Each structure stands twice: as C-alpha cells, then as structure tokens.
C-alpha cells in the first residue's frame, strides 16, 4: 500500500511541475509585431470605389487625382511611354495637370475643352467631349466624375472606349 501511495505522490509532483512549467513558458514569449498590409482599406489612392487599388509603383488604368502626385503614363497604341504627369491642382471635378511640360485643366463638369487629354503629333492638349468622339484614336485619358483620371478605355462612350487603347498610370 505504501508503494502505491509513494507512486501516486511522485506522479502528482511530476504532473504539477509539467503544468506549471508550461504556463510559465507562455508568459516569457514576446509577441511579434504584425506588419500592416496594403489593402483597399488603407491605400490612399482610391479608384472611385472600384476596388482596383494597387500599391504605388504598379500600373493602373485609373487614379483619383490628388494635388502633388506624380505619375508616369504610357499608351502603346499612341506610342507614349513614360511620359511625365504631375497633378497641380484639384478643385471639385476640375483637375489641372502638367503632361510632359504642358499645363492643362480638364474636368467632367464642363464640356468646353475639359473632357479628355488628346495626344496629337507629339503634343498633348485638352479636348471637349465632341472632339474626343471625333478623334477617339487620340484619347490618352479622360476625367471622370469625382476627379478620377482614367484611360480612354474606361470612357462611357463606346467610340472613345474602343479608340486609343489602354493608358496606364504608374505612381512615382
């Protein structure tokens, strides 16, 4: 009987030491900090709620204009690669940009030379909706609602959408 009692005491001592040892290890562990991921909730460059935000440096076909931002724009069909785009001012739906040195104001609210940017003979100019419809193959990008600059392929007008091919914006 004494043998069974001693064995039971020894087992309880071993079991309790294992229990307390395992609890002590949890307290000594340091929590590793988690890295913040770049997702749609914390990316500052929202694309009109379309959920197609990408980290800076990746090419995208539409951007929300923010004064001070700079982009490199490309359109293979128009022969434009790496052109410099700087956003100078954003007021309501009107955006003033500098494209390869030319300062241009466009917007979605005013149809008078304010709907699209057109590349022609190496020059970039503003164009009205009717000009863009007449020359859809030259539309580099448009200004959509809420100061969103977008490739002509995202235009509501079918002729413009099929015209010049995709323009991409790469944040610098």
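Quick note: the coordinates plus some simple rules give every number you see, no bench work behind them. All of these numbers come straight from a predicted model, not from anything done at the bench. Backbone-built Cβ (ideal geometry, glycine too); neighbour counts: all protein chains shown.
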task: Just grab the label-to-label distance for residue 66 and residue 98, each label 7 Å out from Cα along the Cβ direction, in nm (one decimal).
output: 2.0
Packing-based exposure ordering (other Cβ within 10 Å, fewest first) of 139, 66, 97, 90: 66, 90, 97, 139
